[in-house]
1. Want the number for A:ALA29 to A:LEU46: 0.36 nm per residue separation, take away the alpha-carbon distance, what's left?
2. Placing unit charges on C-beta atoms (Lys and Arg positive, Asp and Glu negative, everything else neutral), compute the dipole magnitude of the protein assembly as shown about its Cα centre in debye, rounded to 20.
3. Hey, with R₀ at 30 Å, roughly what FRET efficiency would A:ASP59 and B:LYS14 work out to, going by the Cβ-Cβ distance, to 0.05?
4. Which whole-number percent is the relative contact order of chain A (Cα, under 8 Å, 6+ apart)?
5. Would you mind ranking A:GLU83, B:GLU59 so that the residue whose beta carbon has the fewest other beta carbons within 10 Å leads the list?
6. Within a Cβ distance under 14 Å of A:LYS37, other residues only, what is the Lys/Arg minus Asp/Glu net charge?
7. Sum up the charges of everything whose Cβ sits under 14 Å from the Cβ of B:GLN6, counting Lys and Arg as +1 and Asp and Glu as -1, but leave B:GLN6 out.
8. Could you work out the per residue convex hull volume over the alpha carbons of chain A, in cubic angstrom?
Amino acid sequence: GENVEQHPSTLSVQEGDSAVIKCTYSDSASNYFPWYKQELGKGPQLIIDIRSNVGEKKDQRIAVTLNKTAKHFSLHITETQPEDSAVYFCAATLSGSARQLTFGSGTQLTVLP
Amino acid sequence: NAGVTQTPKFRVLKTGQSMTLLCAQDMNHEYMYWYRQDPGMGLRLIHYSVGEGTTAKGEVPDGYNVSRLKKQNFLLGLESAAPSQTSVYFCASSLTSGYTDTQYFGPGTRLTVL
C-alpha cells in the first residue's frame, strides 16, 4: 500500500518568513495530493491540492510543488502570519478509485510574532 | 448548509462498553469515511462507504463496525471498547472518487476508553 513520509514534524518561523513542508510517497500510481490544515480542536480543512499532471499550483500565499520522478511534493507558505499556526497534513491517493487517502504524520507550524 | 456534523463531541467509556458515533452530511455526497487520529500518526482510515448500503474496510478496521443505511448518514460502532480505541475520530465525505476528490471533514469526536 501507499506510505507517506512528512518532514519536519515541527517548524517554527518568524512572522513574514516562508515555511516549507515536505512529503514523499511510495506508490508511483498515486496521482492526487491534497494538503490539509488542522486548527486546534477542529477537523482538517483542505487548503490546496495538486494532481500529477501539473508540477506546481499556487493560491495566494500558498503553493504546492510536485516531483513525480522523485515521488515528493512540498507545501510552501510565504509571508507567514500568526493565523497560519496549525498542524498541516499531506496526503496521497489514486484519484478515480475508491482508494483512501494516506496521510503523513503532520507538521506543527508555529509562526512567531 | 452545515457540511459534515458528528455526534457526540466527547465521550468517556469503560472497557467493554459499546457505543455508536453518528456522522451526517448535507452535501449529497456519495462517499463517506471514518478516520482515527492518534498523536504523531496522522489520520488512519477505519472504514469507508461508496454509497448507501455499501461499506468497506480501511487500514485499521478491527474492533469497529459501520453502517450506511441512508446516504446522508454513516455510523461507526464499537461493540466492546478497549483502551487502544482511545482516539479522536473524524468523519469525512466527498462527492465522488472521480475528478472531484476533496474530502470534507467533520469537527471530530474525542473518545476516551478507561
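1. Additional length available on full extension: 3.9 nm.
2. Using Cβ point charges on Lys, Arg, Asp and Glu, the protein assembly as shown gives about 480 debye.
3. With a Förster radius of 30 Å, E is 0.05.
4. Value for chain A: 37 percent.
5. Lowest to highest Cβ neighbour count: A:GLU83, B:GLU59.
6. Values: positive: A:LYS42, A:ARG61; negative: A:GLU39, A:ASP49, A:ASP59, A:GLU83, A:ASP84.
Neighbour charge sum, excluding A:LYS37 itself: -3.
7. Details: positive: A:LYS42, B:LYS9, B:ARG11, B:ARG36, B:ARG110; negative: B:ASP26.
Its environment carries a net charge of +4.
8. 96
Every read-out reported here was derived from the displayed coordinates using simple, explicitly stated rules and does not represent laboratory data. As the structure is a prediction and not an experimental result, all values here were calculated from the model. Counting neighbours? That spans all protein chains shown, and the Cβs are built from the backbone with ideal geometry, glycine included.
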